[in-house]
1. Could you calculate the contour length gain from residue 16 to residue 43, that is, 0.36 nm times the residue separation minus the distance between their Cα atoms, to one decimal place in nm?
2. If each of residue 31 and residue 56 carries a label point 7 Å out from its Cα toward its Cβ, how far apart are those two points in nm?
3. Report the relative contact order of the chain, percent, no decimals, based on alpha-carbon pairs under 8 angstrom and at least 6 residues apart.
4. To the nearest 0.05, how large is the calculated FRET efficiency for residue 2 and residue 63 if R₀ is 30 Å and r is the Cβ-Cβ distance?
5. Hey, of (1) 12.4, 47; (2) 14.9, 44; (3) 11.1, 32, which did the structure itself give for Rg and Dmax of the Cα atoms in Å when calculated?
């Protein structure tokens, strides 16, 4: 399958957004050879981030949250 076909199949699947994220993982794996694909959600009100999707749930489980603080060395 081409990358476009993989993405369209993911978008058309019922289990959203998981199916689309799996499709993106597959595309990135074949196009750039990724080792880990993780999606974090950030709540700006609480300053907390949580892992929403991971290609390696054994090492990087989808559970809990952690605070993210601004890095003074990065520009915004």
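Since every read-out is calculated from the coordinates, none of them should be taken as a lab result. Owing to the predicted nature of the structure, the values given are computational and were not obtained by experimental measurement. Positions of Cβ are backbone-derived with ideal geometry, glycine not excepted, and every protein chain shown enters the neighbour counts.
1. Details: separation 27, 0.36 × 27 = 9.72 nm, distance 2.03 nm.
Difference between extended and current length: 7.7 nm.
2. According to this spin-label approximation, the distance is 2.2 nm.
3. Values: 79 pairs, mean separation 14.2, N = 76.
Reported relative contact order: 19 percent.
4. Values: r = 34 Å, r/R0 = 1.15.
Computed FRET efficiency for residue 2 and residue 63: 0.30.
5. The calculated read-out lines up with (2).
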